[in-house]
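The values are calculated or read from the model by the stated rules, or taken from the named source; none is laboratory data. All values reported here derive from a predicted model rather than from experimental measurement. Positions of Cβ are generated from backbone atoms using ideal geometry, with glycine treated the same way; all protein chains shown enter the neighbour counts. Calculation scope for accessible area: heavy atoms of the full protein, side chains included, ligands and nucleic acids excluded. Shrake-Rupley method; radii C 1.70, N 1.55, O 1.52, S 1.80 Å.
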Amino acid sequence: MRILLQTTIPTTKDDWSIARFSLLAKHLRTIEDAAGQALFEVTVRDRDDLGAPDSVLSTLDQGHFDQMWLFAVDVGNGLTPTDCDAIARFREKGGGLLVTRDHMDLGSSICGLAGVGAAHHFHTRNVDPDALKEADDPYTTNILWPNFHSGANGDYQEIHAVAPIHPVLIDLQSPTGALRFLPSHPHEGDVSAPRHSAARVISTGTSKVTGRSFNVAVAFEPNSDEGPAIAESSFHHFADYNWDPDRGCPSFVEERPGNGMARDPRALIDTHRYVLNVARWLARPAG
């Protein structure tokens, strides 16, 4: 199974470039089947320079990847229409997509993606008509809504699996039958199941500040027209800094990190299981 881990910015040391998702790539590469063979072949890359179609994204439907995990870390200019069209064709051919972003307008270029782009709501693009348009995170005042505060970077949050439990959340060793923990972040984004679609919310979180519930993940089931897709509220669920704050972060990150992921091994175990479940589910053909 060939997985592309891809960001929407050119390689930039002091930003959320693909190098800051190295623990995710390492974990996927170490997963083996019963015969000891690697399950996943993982390619990691940042996009080419901005302002023109990306050499890989704009031809994704013609390439050899089976699924793409897209980390939208741009300020609204990370994908061109040509890129978006090729990604749509990739999914039409059965390719699997995980598309994730963050707070406010961070990653808003994904609004140009057919289907899964409509699941992502931002401050100025595809604004959620049902959302309360005020900051949930009151501490980092330069970041406006949507910005749900699920906890400090380096800590973990308890998530709720929406019934029926989706395959990406199943954990037979859990007392609830579902995964319970993911890395937290002070300002997660807003995702929802688009109206008039077969997508559904599969997991929710709770703000540590206001107690508000917010959606963590939305799943699009594969069908005869499109492959499977997941819309995630924050790329910080997969970033090195959120799995292990000692890995460091860009200089513009102001919040003080926690150490909950290090203190409670259950959180990283659940996160690793979630990654495996997602990768396997995105490989699922239409049934």
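Kindly establish whether residue 76 is touching a Ser or Thr at 6+ places or on another chain (Cβ under 6 Å) and within 19 Å of residue 234 (Cα to Cα). Yes; evaluated as a whole, the condition is true for this residue. Of all residues in the range 1-38, those being touching a residue at least 12 places away in the same chain (Cβ under 8 Å), part of a strand (DSSP E or B) and open to solvent by 70 Å² or more (accessible area, probe 1.4 Å) number 1.
Across the range 52-65, the number of residues qualifying as farther than 19 Å from residue 18 by Cα and either open to solvent by less than 40 Å² (accessible area, probe 1.4 Å) or part of a loop (DSSP other than H, G, I, E, B) (or both) comes to 4.
For the range 112-143, a residue qualifies if it is open to solvent by less than 40 Å² (accessible area, probe 1.4 Å), touching a Cys at 6+ places or on another chain (Cβ under 9 Å) and either among the basic types (Lys, Arg) or assigned to a helix (DSSP H, G or I) (or both), and exactly one does: 117. Here residue 102 passes the criteria (1) within 15 Å of residue 232 (Cα to Cα); (2) open to solvent by 10 Å² or more (accessible area, probe 1.4 Å); (3) of a type in the set (Asp, Glu) except the one numbered (2).
Here are some residues: 157, 173. Which one is in a strand (DSSP E or B), of a type outside the set (D, E, K, R) and either open to solvent by 40 Å² or more (accessible area, probe 1.4 Å) or touching a residue at least 24 places away in the same chain (Cβ under 8 Å) (or both)? Going through 157, 173 in turn, just one is in a strand (DSSP E or B), of a type outside the set (D, E, K, R) and either open to solvent by 40 Å² or more (accessible area, probe 1.4 Å) or touching a residue at least 24 places away in the same chain (Cβ under 8 Å) (or both): 157.
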